[in-house]
Each structure stands twice: as C-alpha cells, then as structure tokens.
1. When region 353-371 is examined, which residues are found to be within 18 Å of residue 333 (Cβ to Cβ) and surrounded by 20 or more Cβ atoms within 10 Å (Cβ to Cβ)?
2. How many residues are buried (at least 19 other Cβ atoms within 10 Å of the Cβ), among the charged types (D, E, K, R) and assigned to a strand (DSSP E or B) if we restrict to region 220-247?
3. For region 334-350, how many residues meet the condition of being open to solvent by less than 70 Å² (accessible area, probe 1.4 Å) and assigned to a helix (DSSP H, G or I)?
4. What are the residues in region 92-103 that are open to solvent by 30 Å² or more (accessible area, probe 1.4 Å) and touching a residue at least 40 places away in the same chain (Cβ under 8 Å), if any?
5. Being in a helix (DSSP H, G or I), in contact (Cβ under 8 Å) with a residue 12 or more places away in the chain, surrounded by 17 or more Cβ atoms within 10 Å (Cβ to Cβ) and at negative phi narrows it down to one of 9, 21, so name that one.
6. Could you check how many residues of region 156-168 are closer than 17 Å to residue 127 by Cα and either open to solvent by 40 Å² or more (accessible area, probe 1.4 Å) or assigned to a loop (DSSP other than H, G, I, E, B) (or both)?
7. Every residue in region 92-134 that is within 21 Å of residue 70 (Cα to Cα), under 20 Å from the mean Cα position of the chain (by Cα) and aliphatic (A, V, I, L, M), please.
8. Can you name every residue in region 104-134 that is open to solvent by 50 Å² or more (accessible area, probe 1.4 Å) and touching a strand residue (DSSP E or B) at 6+ places or on another chain (Cβ under 7 Å)?
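The values are calculated or read from the model by the stated rules, or taken from the named source; none is laboratory data. Predicted model only: the values in this text are computed from it and were never measured. Using ideal geometry, Cβ is built from the backbone for each residue, glycine included, and neighbour counts are taken over all protein chains shown. Only protein heavy atoms, including side chains, enter the accessible area calculation; ligands, DNA and RNA are left aside. Shrake-Rupley method; radii C 1.70, N 1.55, O 1.52, S 1.80 Å.
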Amino acid sequence: MESYCLEEIMEMVQEEDVEFIRLQFTDLLGNLKNIAVTADQLARVFTNPFPVEGEVLEGKRRKLYLIPDSKTFAILPWRPQTGKVARFLCDIVDENGKPWERSSREILKKTEKKMKQAGYTFVIKPECEFFLFHTDENGLPTNLTHERAGYLDVSPVDLGENARRDMVLGLKDMGLPIESSHHEASAGQHEIDIESAGALEAADRIMTMRMAVRAIAKRHGLHATFMPKPKMDVDGSAMHIQMELWKDGKNVLEDESIRDVFLNGIANRTAEIAVFTNPTVNSYKRVLGIPEMIKQPVVPVTNWNAWKDRAAVEILTPDGTANPYIVLALCMEAGVLGIQEAAEKKTVHFPKNLGDAIHRLKGGNFVKTVLGENVVKIYQALKEKEWDTYERQVTSWEMEEYLHRM
C-alpha cells in the first residue's frame, strides 16, 4: 500500500475536488464507524488527533482520538464526482497520545510486531462471500432473489454480474488489488478474493471491501449482506483466510512437519476463539450446515493449498460478521504457538451455538493473553447480552410449529 505525505494528500484532495473526508475506525465487534470533516480540516486532523466519544467503542464516556493512517487514503468512487468524498482508516489513541490498547487495529499491529520480532512474517489472502438480495418498496433489505445461478455461472443466469463487476472496479479504483471474483454456489451468492498482503493491510482491505460492496450494491437497488446464513436452504457465506508464514526468506509452511504443528496450534484453540471467528447467533446456523463439520468430531479448519506454488493453509471457520483484525491476531498467535509447542492435535468440538462459544471462551486463557483481560471482558459482556436477547425471542418457527396444536 502506497504511503503519502500530508502535502501529497492535500494536493490530491484539491486536484480531485474532494470536499469531505471520512475518518473511519473499527469498533470491537468489527463495525466500521466514521466521522466526516470538510476538506479544509485536513491539515488539522493530521497535526492534532481528532476527538471521538469513547462510548461508541467501550460503552462508557471518555475522550479518545483518531489519527489517520496516510497509507489508507482513498477516494470513494461511488460518491459524487463533484464534491468528492475520501476516507482514511484511523488508529486510536488515548488522552495521553498513547495507542489505545482496546483498539482491534492496535491489537493486530502488536501481534504483527511480536511476530516480526520472532522472525516471522505473515502473508494473508482473504476470500469474502456475500449475498445480493432485493430490497422492498421502502428500500429495506429482504432475503429474496430472482436468480437461480450456481457456482461459477455467468450472465444472463448470474443476475448480479454487473453489480459484482462494479464492486471490483470500485475496489481497484481505491487501490485494492482484486485477484478474482465469481458467483458462488447458492442463488444470489458471490465471492470476491483479495490479493495477498501483510496482516494489517489484509484486515484493512477486508473492512474496505465490506464497505464498498454494500455501498455499490445499494446503487444497483440491491442489498449486500455478509450474514453467514440468511436463508435456511442455502450454502452459508464465509470469510476464508489463507495464510503463508515466512522466516529467513522462506515460506516455512512448505515443511510438512512445521505446517502440521502450525495447524494444530490453531485447531486446538478453535473452540476458544469461535466467539470471535463466528461472533453472531446466525454464525452457527452456517457451521451446522456444512456436511464435513457434521461427519467429523473435529472441525476441519484448514486446507492445504499449493496453487501458484504457494504453500498456504486456509482457515475455514471465520465468517463475514467477524472483526478481521482480531481474527487474524488470534490465528497468527495460535499458529506460531503451535510451532513453539510442537503441538499435537487434540480432539476439539466446535461450539454448537453462540452461548456454547461464550462458555468455551470463559474456559480458556489463550485469548486473554492475546487480547488482554479488559478487551475479553467487554466483548464477552456484549455477546452475553446478545445471546440472552436471542434466547428470549419467540420465533416464527415456534409459532408455526406449536400455536395451532397446543
């Protein structure tokens, strides 16, 4: 990713007629947030961290501050071509100017630094799946699609082809290199694969891709959703993560013995980190719908991939509702810990639902060592509230199954 100095950015802003700058950041749950400023405030936000109310990040009132990352500057191609809108992804600091330890972007930066100190460099390639659905007469999302396309189908069967094309072009305009895109297995389901990058840049690209896909879908009168299982009888959508691990100029995963213990390190902790890789009630509807996860007692979290002579492993469990910064930090730490421990594979049963995943988190210590106890405490409380709310719901299935005969 190209880095710009303030003078270069100000020159681009003037030449491109940019009127608004979005200062974007990611909350703990993986939601993209932003504050918009006018272009004449650009010098100010670079010289003085921009204040943001901490309540949106941790649920209590305090002042935090945003520092734009110049490498993430991009003009949003779907916004007006006069009075354009640009964005930065931002780091978060506290009132003393120190990196805020509960920022998920900061958590990944710390992990990446720790890995480099140990001599390791990760190369990450995300594969992001999503559905395109119609909206109703009020512009609200539905889970309806008129198409019947399947895996790798083309137009005119693939009715979302034009929207997906515009998404790829928009992402390329923002500087994201896209490796490929195609229709997925279920009607209305699509995949966009982003080229490999370092861990932080890969997570930034995932957040950018989600924003762009949803915005461009709306311009086509469609709703894009990364919800893992939006309908009962469809294949779920995932966020597969391919990983390479380099040390001393060599991809160490080419060594089968290293690859095995690396995978064991992740697999042995897949239940404890599930509440982060699969963070919603709906996430477990997708997991239970995957046949191989039902046939085997141990969740198959990895694939061997030697495409283009690349030795890589693929983490299959994460979905598009996860915070990519935290997912990558946990998987990286777990894999390298597996190498350091020469880990043997354990029998680990994947959680059946979000409540089970919360319980598995409570029973382990690994996540706390990576994210910190305060982050885990806050995240766990949010997920317990979500699970409690869900359990008290009376669903349409219950009404259909019981109301008429009981």
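1. Correct list: 360, 361, 367, 370, 371.
2. 1
3. First pass over region 334-350, keeping only residues open to solvent by less than 70 Å² (accessible area, probe 1.4 Å): 334-339, 342-343, 348, 350.
When the remaining residues are screened for being assigned to a helix (DSSP H, G or I), the result is 334-339.
Looking only at that region, the number is 6.
4. 97, 101, 102
5. 9
6. Our first condition is that a residue be closer than 17 Å to residue 127 by Cα; within region 156-168, this holds for 164-165, 167-168.
From the residues that got through so far, the ones that are either open to solvent by 40 Å² or more (accessible area, probe 1.4 Å) or assigned to a loop (DSSP other than H, G, I, E, B) (or both) too are 165.
Total satisfying the criteria: 1.
7. 92, 107, 108
8. Taking region 104-134 as the starting set, the residues that turn out to be open to solvent by 50 Å² or more (accessible area, probe 1.4 Å) are 109-110, 113-114, 116-117, 121, 134.
Correct list: 121, 134.
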